Ligand code: MOS
């Protein structure tokens, strides 16, 4: 149990985030955003703004900064602002004012007069299903429609008709907003033709490459520094407008430029989780054996169709052994703020529908929902013969049920004074993945070791993991390891996204450590060195040879070297042809619903997870707790409401509901620990996303258990239970 190594820096205000950087001569940018939901900018009068105090530059589609559509490693293309007059959503960046101070820039921005040609907005998913189009293939290449049928079965409908028990339901999930504590911001500095950007990102290397493509400059001339990130959750995987604008404005003004989005701008100008609508039909035999599953889903997408939430294509074809599965995914382009990945993209809303449906089937079968799930436990994804590399879901449920007191649950809940009490459960899954990573390790003459990688720690605890895995691989105490990350000039280390950070970086650390030890031994036994010509070995930070021992620092000092450095790389490979990889979990929730006010309180929650080896239980638990709380938030609080004219009705933290401490009980988290070395040498499978998966369904299932009311949408509100 190690406390976050960067914790003291963070709680004492010494950790420097992007916007904490300042430079002499720096100017401040304020982004002008559209105030209509759909249309065209026909004129922008910037005369008054240009002569306002302190203003040094005003940019618009008619007087743009030079940018071009950027290439993103994860998403293909990234939109860049001010290059055309189209307004596709309310709050879209359409201009930039730069001034000597932030306040001057903000004041002048209010003086920019925009004339629009209005077009009607389409903002509601439910009202615009006629605009639906087939979604493009997922990143894994899965097409929008997938049908797997048992031999001899003609159609999914036939398989459903042949099932003894069938349930059908339409589920929906609200749009959610990214609102990481650190608002999106960037400080851009050009010096001798080279750009340095200070910002918060999930991958300094990816951010630098994407910025370079947007600015049309060589990748080698862009450096991104992002050692501290105040939360990201997917919203900082692609370059957002402020970084493009700061970099382009700094170039033409030849002065450092800082842009910090306001909280309201973060709500419209960065990214959201789209709204979804999902239809499920589930058929089973009377003994609970699943026969057929159909899951059709619709997600809203912005008009540039840049991201589609793959709801039906995530857990649905993987969680259960079902001979007949049909899934489809459609997108509905709307005048909404950009959508993007958000913690467990796909799984979070998809699991709400799937795991609610499984609960409904359990009710119809009069079967315990855990028994139903385990009876149909999958050994591989549908249509694949690659078995899960490791799966301990049964154990998660066994431990969870005991720890939570599941045996005391009655099928009708129970009463406690003015409250009705219910328990619900759901399965969580998230794929175990990793990216190629290269780690550099330096053993130093002062007896410390630097472990560095270009990746990011957006609060996940990666820096602490680097200390611990570095210490373990070099056999020295963790306080002698200096972890360094968040700099595109360091070796490429994938990204902190998709729950891949630990598995990617830890595997590379192990290889780099073995290499640097080999190199150290070669130096130790080379001619003229203290162990010249001897058979040398390494343990606990020391070089040994027949009775002679010397620490690596001492050895380096003796040979007159400051340090010895090696790199190690690790990437997904052959294992992908041998197994399927996933993390698993069992979520448990107890709710109390007030008999007269119908308010729902979560009174207990427990998650038991199989996420491979857990390298640091303390930060791992924090990650999972954050996800589980977010799941409660999705179930009972969060909903981004877009007015018919495209304006967000609650686009700030005053109007957008999130749980506070009083809404959240003690959160119990438990890990079953089975290192998955079939997946990667470190045995860690990743746990950034899985904590949120299944939580909303577990809450809804508990609400049903307590009240007998099945709510098929989230968030669940008082009105639903009247
Ligand atoms: Mo995660 S949605 O990749 O931060």
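Below, the figures for the structure above:
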item: Relative contact order %, the chain, counting alpha carbon pairs below 8 Å whose residues are six or more apart; result: 16
item: Gained length - residue 482 relative to residue 194, 0.36 nm times residue gap less alpha-carbon distance; result: 100.9 nm
item: Highest to lowest packing among 173-185, 31-43, 644-656, scored as the average C-beta count within 10 Å; result: 173-185, 31-43, 644-656
item: Sequence of 60, 3 once ranked by neighbouring C-beta atoms within 10 Å, starting from the fewest; result: 3, 60
item: Antiparallel %, DSSP beta bridges [both residues in region 94-236], to 5; result: 60
item: Cβ-Cβ FRET estimate between residue 414 and residue 514, R0 fixed at 41 Å, reported to 0.05; result: 0.10
item: The chain: calculated mean residue ellipticity at 222 nm from DSSP helix runs of at least 4, using -39500 (n - 2.57); result: -7000 deg cm²/dmol
item: Extended-chain gain in nm, criterion 0.36 nm per residue less alpha-carbon gap, residue 132 and residue 285; result: 51.7 nm
item: Volume of the Cα convex hull of region 437-571, divided per residue and given in Å³; result: 92
item: Rg to Rh quotient for region 308-420, alpha carbon positions, Kirkwood Rh; result: 1.04
item: For region 467-514 versus region 65-92, the gap between their alpha-carbon centres in whole angstrom; result: 34
item: Alpha-carbon centroid distance for the pair region 517-561 / region 244-276, whole angstrom; result: 52
item: Computed label-point distance, nm, for sites residue 124 and residue 526 using a 7 Å Cα→Cβ extension; result: 7.4
item: Region 612-641 residues near the modelled residue 709 label - backbone nitrogen below 20 Å, point 7 Å along Cα→Cβ; result: 632-639
item: For the chain, share of DSSP beta bridges that run antiparallel, in % to the nearest 5; result: 80
item: Per-pair calculated FRET efficiency, R0 = 41 Å: residue 63 and residue 657 via Cβ, rounded to 0.05; result: 0.55
item: Residue 254 paired with residue 595, simple spin-label distance in nm, labels 7 Å along Cα-to-beta-carbon; result: 7.8
item: For region 1-52 versus region 151-209, the gap between their alpha-carbon centres in whole angstrom; result: 24
item: Relative packing of peptides 595-608, 678-691, 441-454 - highest average C-beta neighbours within 10 Å first; result: 678-691, 441-454, 595-608
item: Within region 485-523: backbone nitrogen closer than 15 Å to the residue 571 label point (7 Å, Cα to C-beta); result: 492-495, 504-505, 508
item: Counting DSSP beta bridges with both ends in region 437-571, the antiparallel % (nearest 5); result: 85
item: Gain on full stretching of the segment that runs from residue 722 to residue 218 - 0.36 nm per residue minus C-alpha separation; result: 175.4 nm
item: Cβ-derived FRET efficiency at R0 25 Å, residue 264 paired with residue 47, nearest 0.05; result: 0.45
item: Sorted largest first, extent of the chain alpha carbons per principal axis (Å); result: 81, 78, 55
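Since every read-out is calculated from the coordinates, none of them should be taken as a lab result. Predicted model only: the values in this text are computed from it and were never measured. Glycine also receives a Cβ, built like all others from the backbone with ideal geometry; neighbour counts cover every protein chain displayed.
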